[in-house]
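Shown next, in C-alpha cells, is the structure this report addresses.
The values are calculated or read from the model by the stated rules, or taken from the named source; none is laboratory data. What you see is a predicted model; the values in this text were computed from it and never measured. Backbone-built Cβ (ideal geometry, glycine too); neighbour counts: all protein chains shown. Note: areas computed on protein heavy atoms with side chains; ligands, DNA, RNA excluded. Shrake-Rupley method; radii C 1.70, N 1.55, O 1.52, S 1.80 Å.
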Amino acid sequence: MQTDNFKKATLKVIGGVFKGRNLQMAPLEITRSSKAILKESLFNTLNYDVVGANFVEFFAGSGSVGIEALSRGAKSAIFFEQNRESYEVLKSNIQKVCKDCDCQVIFGNTFENYKETLKGIKDFSIGYFDPPFDMREGMGGIYEKCFKVVKSLDSNVFGIVVLEHISSLKIPQKLGDFECVKTRKFGKSALSYFVKG
C-alpha cells in the first residue's frame, strides 16, 4: 500500500527545457516539497541570473528546485540530502530528467559536508536553503544553523542566497557579507533573498 502512495506522489518541472517532466516526491512525512506558486515566484525573481550559474540546493529532498534551475539554464547543480529515502528519490529524478546535466549529489548532513564540497568553486553560484520547518521534531535551532552557513559562504562566489522558511520567522537584515533585499510570503512559507551588501 505504501508503495502505491509513493509512486503517486509526483510533481512536475514547471519551466525550461524539462518543462512538464514528472519528478517523484519523497513521502511527505520525510520531506515537504516547495509549492508550485513559490517555485514560480523564485524563478521569476532569479530570472536570467540562473542562466550559467552553479545552483546549490542545501536541503534537496527530491531535488525539485535544483532540477528546475537546471531546466532553466543553470550550468551545474550541487544537491545535499541526508535522508536515505529522499536521497534515492533525488538520484532517480536526476537520472530520469537530466542524466546528462552536470550534477553532484552529496549524501549526509549538510552542515558537516558543505565546506569541503564547496571548496574550490569559483563560478557564480546561487545558494538555496529549504530546511525542514523548525517546529518539526529535532529541528529546533535549524534556522540559526542555516544563518551561520550563509555567513560563512564566500560572497565573491555566491551572488545570491535564497532561504525558504516559515512565514513567521524574523529574518536578520544582515548575515555576514549578505544583506536581505526582499522577503515574499506565500501562506505558511516565505522566500527571503540575500545578496552581497
Cβ-Cβ under 7 Å pairs, at least 6 apart or on other chains, region 49-62 side under 14 Å from Phe129 (Cα atoms) and of a type in the set (Ser, Thr, Tyr), far side open to solvent by less than 30 Å² (accessible area, probe 1.4 Å) and assigned to a strand (DSSP E or B): Ser62/Leu23
When you go through Phe111, Phe129, Phe186, Phe147 one by one, which is the residue that is farther than 26 Å from Val17 by Cβ and in contact with a helix residue (DSSP H, G or I) (Cβ under 8 Å, 6 or more places away or on another chain)? Phe111
Those residues of region 3-38 which are assigned to a loop (DSSP other than H, G, I, E, B) and at pLDDT 90 or above, in sequence order: Val13, Ile14, Gly15, Gly16, Val17, Phe18, Lys19, Gly20, Arg21
Region 84-110: number of residues that are surrounded by 14 or more Cβ atoms within 10 Å (Cβ to Cβ) and within 20 Å of Ser125 (Cβ to Cβ): 8
Working carefully through the options Ile78, Ile37, Ile121, find the one that is surrounded by 20 or more Cβ atoms within 10 Å (Cβ to Cβ) and not polar (S, T, N, Q). Ile78
Residue pairs, Cβ under 8 Å, 6 or more apart or interchain, first in region 165-182 and more than 12 Å from Tyr143 (Cα to Cα), second charged (D, E, K, R) and open to solvent by less than 80 Å² (accessible area, probe 1.4 Å). List them. Gln173/Glu179
Please pick out the residue among Leu42, Leu70, Leu46 that is touching a Cys at 6+ places or on another chain (Cβ under 6 Å), part of a helix (DSSP H, G or I) and either open to solvent by 40 Å² or more (accessible area, probe 1.4 Å) or at pLDDT 95 or above (or both). Leu70
